[in-house]
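We did not get these values from a lab; they are worked out from the coordinates using the rules stated. Not measured: the values here are computed from a predicted model. Methodologically, a virtual Cβ is constructed for each residue, glycine included, from the backbone with ideal geometry; neighbour enumeration extends over all protein chains shown.
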Amino acid sequence: MSQRPNAINLPERESQEIEVNHVPHRLTTPLSVTSLLTQLAHPLDGVAVAVNGAFVPKSQWCTQTLNPGDQIEVVAPMQGG
């Protein structure tokens, strides 16, 4: 029976699985809300963000770290009448 070689037993690189607007994303590094929006090419102005159903004020986007399993909603206001 052969085993996969692992000479120095280094841990595999962990990844984060999160959902953004119900679409799964796998990330290999912890991100803030701002970093996530930038990586996904979302605008930073004119949008609101919720993490796990809780609104995140824009003033906290840089400090709000996303965790595995988080569900992020990015929404833009709709105009109409």
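A crude spin-label estimate for the pair ASN52 and GLN71, with each label 7 Å from Cα along the Cβ direction, gives 1.2 nm.
Note the full-extension length gain between HIS22 and CYS62 as 0.36 nm times their separation in residues minus their Cα-Cα distance, in nm to one decimal.
On the way: separation 40, 0.36 × 40 = 14.40 nm, distance 2.21 nm.
Result: 12.2 nm gained on full extension.
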